[in-house]
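Reviewing the structure listed below.
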C-alpha cells in the first residue's frame, strides 16, 4: 500500500476509534439509565476492541511516517 494512503487510513482509524470510544463511554457510564442491561454490557465490552483499533492505527501511522521519511514522534 502507498505510504500516503496508509497514513490517511491510520488517521481515519484513530479518529474513528476515539469517536467510538467516547460514544461507548457515554452510553456505558453517563447515559446508562435509559438503556437495557444488554446495551450497557455491549457498551462496556466494546471499549476493548475500540482501544485496540486505536493502538493498531497509531502503529500504522508510525510505519507510514517512517516509510515517508518523516520524523516519527
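Where a number appears in this text, it was derived from the coordinates with a stated rule and is not lab data. Keep in mind that what you see is a predicted model, and the values were worked out from it rather than measured. Because the Cβ atoms are built from the backbone with ideal geometry, glycine has one as well, and the counts that use them run over all protein chains shown.
A few comments on the model shown:
- Angstrom value of the Kirkwood radius, inverse mean 1/r, which spans all Cα pairs in the chain: 13.4 Å
- Distance between modelled label sites at residue 73 and residue 47, nm, 7 Å Cα→Cβ extension: 2.9 nm
- Angle of helix 37-68 to the longest C-alpha principal axis of the chain, folded into 0 to 90 degrees and rounded to 10: 10°.
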